[in-house]
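The values are calculated or read from the model by the stated rules, or taken from the named source; none is laboratory data. Note that the structure is a prediction, hence the values are computed from the model and not measured. Neighbour counts are summed over all protein chains in view; Cβ atoms, including those assigned to glycine, are modelled from backbone coordinates with ideal geometry. The area values use the complete protein model at the heavy-atom level, side chains included, leaving out ligands, DNA and RNA. Shrake-Rupley method; radii C 1.70, N 1.55, O 1.52, S 1.80 Å.
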Amino acid sequence: MNTLISLKNICCRLSSDFSLAVADLDLQAGTIYTLIGANGSGKSTLLKVLALLLTPTEGTIRFPSYPDLQHLQLRRRITLVEQSPYLLTGTVKDNLCFGLKVRKIPHHQQQQIIEQVLKQVCLSGFAERKAATLSSGEKQRVALARALVLKPELLLLDEPTANIDTSSVPLIENLIRQLPPQGITVVCATHDMEQPQRLGGTLLRMNLGRLDKLDSNSRH
Amino acid sequence: MDYLVESLWQALILISTLDRQLLQIIVTSLYASICGVLIASCLGIPMGVLVGLKQFRGRRLIITLLNTLMALPTVVVGLILYGLFSRQGPFGSLGLLFTPTAIIIGLSILTAPLIANYSLTVVVGADQRILTTATTLGASPLQAKLLLIREIRFGVVAAVVVGFGRAISEVGVAMMLGGNIRGSTRTMTTAIALETSKGEFAFGLALGIILLLVALLVNLLLNYFQQKT
Amino acid sequence: MRYLIKPLLICTFLFFSSVCFAQERLVLATTTSTENSGLLQILLPPFEQQNNIQVHVIAVGTGQAIKIGERGDADILMVHAKAQEEAFVAAGFGVERFDLMYNDFVILGPTADPAGINESNDAVAAFNKIVASGVPFVSRADMSGTHIMEKQLWQMAGIEPQGRWYVESGRGMGEVIQMTTEMQGYTLADRGTYLAYLGKTDLIIVVAGDERLFNPYGVIAVNPQRHPHVNKQGAEALIDYLTGQQARDLIRGFSINGQQLFFVYD
């Protein structure tokens with residue numbers, strides 16, 4: 001197995017009474033990680049560090065497979081879907097296009113990728129809909145699709161099923177389970193204590209800003 | 001009373017027949033204001049966005065300065081630029097005094113702080129998630145800022161519209177730097193001042209009506225954009 | 001951003017086209033009396049067409065026009081304060097002063113004539129009567145040709161004008177006539193502007209014909225040795241035109257309500 005990203009002695013002080021500390025964490029390529037922990041335990045902060053949005057005060061983050069890549073190039077291989085995602089004004093397609101345009105993907109390819117991913121999240125035919133008119137479950141799926149069109153190597157999901165009606169949860173979870181075979185490593189923060197079981201993969205537990213221990217929890 | 005009604009009637013005739021002189025004054029006014037505001041936008045919007053987003057030493061000072069400049073009296077701008085553009089002044093060799101270009105420069109200096117300040121407010125009030133969203137989708141810092149401006153564009157356009165409102169209704173700069181030259185630098189406001197002094201009430205009134213219409217249009221636009229945000 | 005580019009380009013184009021393709025430009029600093037009376041709108045177009053020059057008229061008071069000339073912000077002056085004009089030339093700011101035309105100053109007052117001046121031809125005596133009556137006198141107070149004349153008259157009358165009755169307006173001739181009308185006071189005005197305002201004021205002429213009220217207009221080209229950037233050819237061409245027969249006929253023929261406003265020397 002390849003190590004995709006490796007964190008050593010990370011310390012990230014956000015305020016006088018909260019700091020994130022990760023002694024040692026290696027994420028293997030093509031694996032699902034589920035991240036659990038109480039509110040305020042630092043799940044979102046860890047995701048932001050992994051997304052290279054937050055620069056830690058101490059410690060090193062390494063990408064063993066890409067020793068020479070610049071910050072921006074690395075960041076373009078990682079995508080974070082936030083808990084209550086912000087959708088850009090305009091259509092669903094506008095939302096999906098932004099990341100592709102930034103990566104200078106040719107227009108005809110954009111079209112193809114978008115249609116394919118919309119089908120994956122069961123939003124076929126939604127391309128021209130205004131983002132503002134969607135339900136919160138649909139918005140969440142658009143945000144997920146917006147990340148998937150980028151074919152990231154590391155996909156970080158912050159409570160992807162928190163704002164969704166229960167009937168759509170299996171749809172999302174099913175989708176997540178299909179990602180590792182496509183070469184996508186997933187870290188999924190969650191509240192739902194049952195979810196790690198359903199997703200399979202490796203369990204990470206946060207407690208008071210510390211990453212506690214790694215439980216190997218193989219897929220059945 | 002008859003005098004006012006008579007003048008109003010004549011003013012409406014002037015407007016409806018598209019009096020050539022009237023038309024030229026309106027075009028001059030719009031041209032100077034639009035150019036001035038465009039230049040001011042190129043300076044003011046990036047300024048407002050940067051000050052709105054970045055935390056740096058002296059930021060509060062710059063905000064205070066922008067607020068002060070917003071209340072900049074037009075005649076002070078006129079006076080200073082007059083001194084700079086006069087043949088005896090440091091930029092005298094450019095021959096800018098009493099040209100539309102001088103008015104445009106004056107108007108852009110006058111409206112840039114206004115546009116910067118309004119853009120700043122819009123940026124500060126914008127959804128905090130816009131920049132993170134752009135960054136997580138792989139945007140460079142510049143691309144992220146451009147996306148932010150795109151997302152708050154109605155607010156920014158409203159700022160530009162406010163600047164235009166100030167430029168079109170401004171007298172001091174147009175009078176002092178333009179010199180109220182017929183066929184060249186006579187704007188709606190300076191023409192109204194002149195026609196009133198000449199006792200040509202109808203012509204002044206016609207311009208006044210058009211200026212009011214422009215102001216009304218500007219406010220309707222502003223309302224439209226404010227509802228969009 | 002794309003939707004901004006097109007208007008931006010159009011404006012830039014307009015901007016440069018107005019700078020590049022403009023006709024030759026000649027800046028004439030003059031008094032409000034010549035512009036507001038409408039004389040220049042009759043006088044200048046033939047010259048502009050014949051020479052393909054656009055004359056940009058800046059209408060201010062004589063004092064300010066001379067200052068603009070001293071700084072080199074105009075190419076040519078058309079003003080009415082002979083002593084100041086000669087000083088302007090003597091100091092090297094102007095090339096030479098040419099007589100253009102003349103008319104006269106008049107003292108205007110309300111029809112009731114509360115100061116009892118009664119259509120005299122003695123301006124100094126009239127000023128004394130105005131002070132004695134306490135009726136408002138509206139002064140240009142802007143160092144214009146009219147204001148300079150007014151100050152000379154006060155000096156001759158031996159009076160230092162000040163007090164509630166003396167209104168220092170700082171405005172142009174037309175505005176002062178209107179203010180005087182509203183205040184029902186007295187003022188000194190050039191006859192040309194008064195005639196141009198005849199329909200808009202009910203003031204009457206209470207003093208005229210005093211030879212001290214003679215009002216000559218001159219033209220002076222700004223000295224290119226002092227200000228090398230000035231439009232020397234244009235200024236010379238305009239002076240040739242203004243002192244030529246065509247312009248003299250136009251000035252002589254210019255009248256408002258059947259009254260001739262300006263007179264040329266024979």
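When region C:85-186 is described by a simple charge dipole with +1 on each Lys and Arg Cβ and -1 on each Asp and Glu Cβ, the residue from C:S133, C:A112, C:I148 located farthest towards its positive end is C:S133.
Just flag the chymotrypsin sites (Phe, Trp or Tyr not before Pro) in region B:1-74 sitting in loop per DSSP whose Cβ has no more than 12 other Cβ atoms within 10 Å. Please report the intermediate quantities before stating the final value.
Working: sites: B:Y3, B:W9, B:Y31, B:F56; in loops: B:F56.
Counting only loop positions with at most 12 other Cβ atoms within 10 Å, the chymotrypsin sites (Phe, Trp or Tyr not before Pro) in region B:1-74 are B:F56.
From its DSSP helices (H runs of at least four residues, each -39,500 (n - 2.57)), chain A gives a residue-normalised ellipticity at 222 nm of -8500 deg cm²/dmol.
Let me know the charge dipole size of the protein assembly as shown about its Cα centre in debye, to the nearest 20, where only the beta-carbon of Lys, Arg (+1) and Asp, Glu (-1) is charged. Before the final figure, lay out the partial values.
Details: 59 positive and 55 negative charges, 835 e Å.
Value, rounded to 20: 4020 debye.
Here the Karplus relation 6.51 cos²θ - 1.76 cosθ + 1.60, evaluated at θ = phi - 60°, turns the backbone of region B:121-128 into coupling constants of 4, 5, 5, 4, x, 6, 4, 4 Hz, with x for every Gly and Pro. Each part reduced to its alpha carbon centroid, region A:140-202 and region B:105-148 end up 32 Å apart. Reported to the nearest whole Å, the Cα centre-to-centre distance from region B:151-190 to region B:2-36 is 16. Placing +1 on the Cβ of every Lys and Arg and -1 on the Cβ of every Asp and Glu, with no other charges, gives region B:37-195 a dipole of roughly 340 debye about its Cα centre. Using C-alpha pairs below 8 Å separated by at least 6 residues, the relative contact order for chain C is 27 percent.
Ligands, DNA and RNA left out, the 1.4 Å accessible surface of region B:2-228 is 70% carbon and sulfur atoms.
Using the Karplus relation 6.51 cos²θ - 1.76 cosθ + 1.60 with θ = phi - 60°, the per-residue 3J(HN,Hα) values for region A:108-114 come to 5, 5, 3, 3, 4, 4, 4 Hz, with x marking Gly and Pro. Comparing A:A127, A:A143, A:A23 in a Gaussian network model of chain A where C-alpha atoms under 10 Å apart are linked, the largest mean-square fluctuation is found at A:A23. Can you pick out the pairs among A:K139/B:K145; A:K101/B:K145; A:K101/A:K130; A:K119/B:K145; A:K104/B:K54 whose Cα atoms lie more than 25 Å from each other? From the list (A:K139/B:K145; A:K101/B:K145; A:K101/A:K130; A:K119/B:K145; A:K104/B:K54), the Cα-Cα distance tops 25 Å for A:K119/B:K145; A:K104/B:K54. Of all the stretches in chain A, which is the longest one without any exposed loop site, taking GluC sites (Glu not before Pro) in a DSSP loop (any state but H, G, I, E, B) with at most 15 other Cβ atoms within 10 Å? Value returned for the longest uninterrupted segment is A:1-127. Computed over region B:2-228, relative contact order equals 30 percent, with contacts defined as Cα pairs under 8 Å that lie 6+ residues apart. So what is the 222 nm mean residue ellipticity for chain B from helices alone, if each DSSP H run of at least 4 adds -39500 (n - 2.57) and you divide by all residues, rounding to the nearest 500 deg cm²/dmol? Computed mean residue ellipticity for chain B: -25500 deg cm²/dmol. Residues of region A:48-89 buried by at least 50 Å² of accessible area upon assembly of all protein chains, compared with the chain on its own (1.4 Å probe): A:L53, A:R75, A:E82, A:Y86, A:L88, A:T89. A 1.4 Å probe run over the protein chains yields, for the protein assembly as shown, 46 Å² of accessible area per residue, whole-number rounding.
What is the dipole size for region A:1-132, taken about its Cα centre, with +1 at each Lys and Arg Cβ and -1 at each Asp and Glu Cβ, in debye to the nearest 20?
Details: 15 positive and 9 negative charges, 79 e Å.
Charge dipole, region A:1-132, about its Cα centre: 380 debye, nearest 20.
How big, in percent, is the set of alpha carbon pairs in region A:77-220 lying more than 22 Å apart?
Values: 4025 of 10296 pairs.
So the pairs more than 22 Å apart make up 39 percent of the total in region A:77-220.
A loss of 30 Å² or more of accessible area (1.4 Å probe, protein heavy atoms, ligands and nucleic acids excluded) relative to the isolated chain is seen in these residues of region C:63-78: C:R71, C:D73.
Computed over the alpha-carbon pairs of the protein assembly as shown, the distance histogram in 10 Å steps reads 3, 12, 17, 16, 12, 9, 8, 8, 7, 5, 2, 0, 0 percent, short to long.
Using a/c under 1.5 as the rounded threshold, could you call region C:104-213 rounded, prolate or oblate? The axes a ≥ b ≥ c are square roots of the C-alpha gyration tensor eigenvalues, and prolate needs a/b larger than b/c, oblate otherwise. Here region C:104-213 falls in the rounded category. The B-A contact accounts for approximately 1700 Å² of buried accessible area, totalled over both chains at a 1.4 Å probe radius. Note that region B:60-77 has calculated 3J(HN,Hα) couplings of 4, 4, 5, 5, 4, 4, 4, 5, 5, 5, 4, 8, 4, x, 4, 5, 5, 4 Hz, one per residue in order, obtained from phi through the Karplus relation 6.51 cos²θ - 1.76 cosθ + 1.60 (θ = phi - 60°); glycine and proline are x. The share of accessible area on chain A that comes from carbon and sulfur is 49 percent, using a 1.4 angstrom probe. For chain C, with all protein chains in place and a probe radius of 1.4 Å, 52% of the accessible heavy-atom surface sits on carbon or sulfur. Could you check the simple spin-label distance between C:Y265 and C:A87, using points 7 Å along Cα→Cβ, in nm with one decimal? So the label points at C:Y265 and C:A87 sit 2.2 nm apart.
Show B:I130, B:I105 ordered by accessible area, largest first, where the area counts protein heavy atoms only and the probe is 1.4 Å.
Details: B:I130 5, B:I105 50 Å².
Correct descending sequence by accessible area is B:I105, B:I130.
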